[in-house]
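The values are calculated or read from the model by the stated rules, or taken from the named source; none is laboratory data. As the structure is a computational prediction, the values presented were derived from the model and not from experiment. Glycine also receives a Cβ, built like all others from the backbone with ideal geometry; neighbour counts cover every protein chain displayed. Accessible surface areas use protein heavy atoms only, side chains included; no ligands, DNA or RNA. Shrake-Rupley method; radii C 1.70, N 1.55, O 1.52, S 1.80 Å.
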Amino acid sequence: MIEPYIDAPLVKILTGVRRCGKSTLMGQIADRLRERGIDQRHIIRYSFDSMQYDGWSAAELYRQLSDALPSTDADDSERAYLFLDEVQEIDGWERVVNSLMSESSVDIYVTGSNSRMMSSEISTYLTGRYVAFRVFPLSFREYLRFCDEYGTGDGDGDTHRRLGGYIRRGGFPATCLTAYTDDQVYAIVRDIYNSTIFTDIVRRNSIRKVDQLERIVRYTFDNIGRTFSAAGITKYLKSQNRSIDAETVYSYLRKLESAYILHRCSRYDLEGKEILKTQEKFYLADTSLRYAVLGYRPDSVAAMLENLVYVELLRRGWQPYIGKIGTAEIDFVASKQDRVMYLQIAQTLGDQSTRDREYGRLLSIRDNHPKYVLCTDEYAEGNYEGIITMHVADFLLSDEW
């Protein structure tokens with residue numbers, strides 16, 4: 001993904017939720033450089049979530065990095081490679097990076113856990129001089145590989161059954177390196193959640209009503225995969241004698257998105273061919289976040305299956321929307337360049353009414369784009385009037401889409 005861009009005159013920007021593997025990817029790039037014979041002295045790395053850099057200005061960052069870079073010239077063999085981890089902690093880092101790119105022979109890689117990394121500041125200072133990569137927690141395929149390599153999770157080779165472990169335990173790499181119990185996994189994930197909430201949201205935005213924010217988080221986590229509005233959250237909180245206006249709710253949701261805890265999924269009107277601005281859905285960066293915050297409930301599995309599919313679509317470069325056709329809803333309408341596909345997700349197709357609903361909605365779409373019904377029924381597979389039925393695990397592992 002990133003290796004082809006090594007030595008390209010572009011800043012490589014890796015963004016994603018905390019602890020999803022960005023720093024590990026940077027370490028792997030540094031390893032590739034060493035394998036290519038790059039002198040270790042020319043591979044320079046800083047991690048700015050350390051207290052050592054707390055309160056640093058852009059000027060201090062510039063001086064530190066300039067002093068650390070070896071004397072170089074235009075000869076690529078003397079090029080320096082600069083790795084800046086969680087660089088968003090330094091205000092004005094974009095100007096520093098832009099200056100270094102102009103003044104030195106340096107290849108720069110940066111990571112960040114906040115979407116401010118992709119703000120207008122970057123457009124101002126780095127226009128045409130950066131390439132961005134979105135990093136996600138482990139995919140199901142990667143989760144299985146980690147489980148097999150480190151002896152963690154369910155290791156009997158039954159990928160359908162192991163999907164249950166992936167739903168419960170999620171894909172944060174730190175939880176897949178040792179044979180933790182579910183409770184131990186959730187302790188790790190709660191730490192990731194707390195550091196994100198209090199570092200990337202509360203502290204950075206000077207939020208004083210933390211209890212209010214946490215109530216909105218819990219409501220949102222409990223309604224993953226359901227359409228709702230800020231007005232609905234306002235009404236819910238009012239029923240708990242908590243007064244908050246809709247604009248404040250939207251502000252909190254945007255901050256959760258900025259920290260990559262939540263992903264917003266808009267609705268798309270298949271008849272009017274337009275994106276709708278109301279009744280959106282939200283999905284989590286990782287399913288384990290819900291269970292770490294709210295506890296595990298079996299009745300949440302259907303929503304988490306939807307969550308897994310949504311994130312996998314993003315991971316593979318698809319843009320998913322909730323489809324609206326008349327009064328019916330299609331779970332996902334996903335597009336990627338000139339390709340489109342439609343997906344319905346159900347935990348089980350056990351009764352006729354469920355089958356009629358899931359297949360009927362897709363049959364109402366009169367085009368030839370691929371259509372899928374995904375479920376966890378062990379023997380539900382095949383083709384029904386052009387609609388492909390697959391186990392969710394098989395879909396997540398498939399290379400056919």
Pairing a residue in region 320-333 that is farther than 9 Å from Y268 by Cα and among the acidic types (D, E) with any residue that is part of a strand (DSSP E or B) and open to solvent by less than 20 Å² (accessible area, probe 1.4 Å), where Cβ atoms lie under 8 Å and the two sit 6 or more apart in sequence or on different chains, gives E329/I322; E329/G323; D331/I322; D331/G323; D331/L343; D331/Q344; D331/I345
Only unsatisfied item for T199, checking (1) open to solvent by less than 40 Å² (accessible area, probe 1.4 Å); (2) part of a helix (DSSP H, G or I); (3) modelled with pLDDT of 95 or more, is (3)
Item to complete: Take V97 and decide whether it is aliphatic (A, V, I, L, M), crowded, with 20+ Cβ neighbours inside 10 Å, modelled with pLDDT of 90 or more and touching a Gly at 6+ places or on another chain (Cβ under 9 Å).
Response: no
Condition set open to solvent by 90 Å² or more (accessible area, probe 1.4 Å) and in a helix (DSSP H, G or I), scope region 41-75, selection modelled with the highest pLDDT: answer is R63
Considering residues that are open to solvent by less than 50 Å² (accessible area, probe 1.4 Å), of a type in the set (A, V, I, L, M, F, W, C), out of contact with any His (no Cβ under 9 Å at 6 or more places or on another chain) and within 22 Å of L163 (Cα to Cα), the number found within region 358-395 is 3
For region 284-302, pairs from a residue that is within 26 Å of E358 (Cβ to Cβ) to a residue that is aliphatic (A, V, I, L, M) and part of a helix (DSSP H, G or I), with Cβ under 6 Å and 6 or more apart or across chains, are T287/I167; T287/M304
Among V189, V185, the single one that is farther than 28 Å from Q319 by Cβ, at pLDDT 95 or above and touching a helix residue (DSSP H, G or I) at 6+ places or on another chain (Cβ under 6 Å) is V185
For region 353-389, the count of residues that are closer than 19 Å to G326 by Cβ, of a type in the set (D, E, K, R) and in contact with an Asp or Glu (Cβ under 8 Å, 6 or more places away or on another chain) equals 1
The number of residues in region 134-173 that are within 30 Å of R95 (Cα to Cα) and in contact with a Lys or Arg (Cβ under 7 Å, 6 or more places away or on another chain) is 2
Restricted to region 125-137 and to residues being surrounded by 15 or more Cβ atoms within 10 Å (Cβ to Cβ) and more than 17 Å from G317 (Cβ to Cβ), the residue nearest to the chain's Cα centre (by Cα) is Y130
Within region 261-290, the count of residues that are open to solvent by 20 Å² or more (accessible area, probe 1.4 Å), closer than 30 Å to Y166 by Cα and in a loop (DSSP other than H, G, I, E, B) comes to 0
- prompt: Has region 152-168 got at least one residue that is assigned to a helix (DSSP H, G or I), surrounded by 15 or more Cβ atoms within 10 Å (Cβ to Cβ) and charged (D, E, K, R)?
  reply: yes
*For region 237-249, indicate whether the set of residues that are within 24 Å of G16 (Cβ to Cβ) and free of Cβ contacts under 8 Å to residues at least 40 places away in the same chain is non-empty.*
no
(request) Could you tell me whether region 336-354 includes any residue that is in contact with a helix residue (DSSP H, G or I) (Cβ under 6 Å, 6 or more places away or on another chain), more than 23 Å from D158 (Cβ to Cβ) and either surrounded by fewer than 21 Cβ atoms within 10 Å (Cβ to Cβ) or free of Cβ contacts under 8 Å to residues at least 24 places away in the same chain (or both)? (result) no
Scanning region 17-40 for residues that are touching a strand residue (DSSP E or B) at 6+ places or on another chain (Cβ under 9 Å) and farther than 18 Å from C176 by Cα, the one surrounded by the fewest Cβ atoms within 10 Å (Cβ to Cβ) turns out to be R34
Among residues of region 240-260 being more than 27 Å from D286 (Cβ to Cβ) and in a helix (DSSP H, G or I), the residue most open to solvent (accessible area, probe 1.4 Å) is E247
I322: passes all of (1) over 14 Å from the mean Cα position of the chain (by Cα); (2) assigned to a helix (DSSP H, G or I); (3) closer than 22 Å to L256 by Cα; (4) among the hydrophobic types (A, V, I, L, M, F, W, C) but (2)
Restricting region 362-375 to residues that are over 20 Å from Q319 (Cα atoms) and either at pLDDT below 95 or not in a loop (DSSP other than H, G, I, E, B) (or both), the one nearest to the chain's Cα centre (by Cα) turns out to be C375
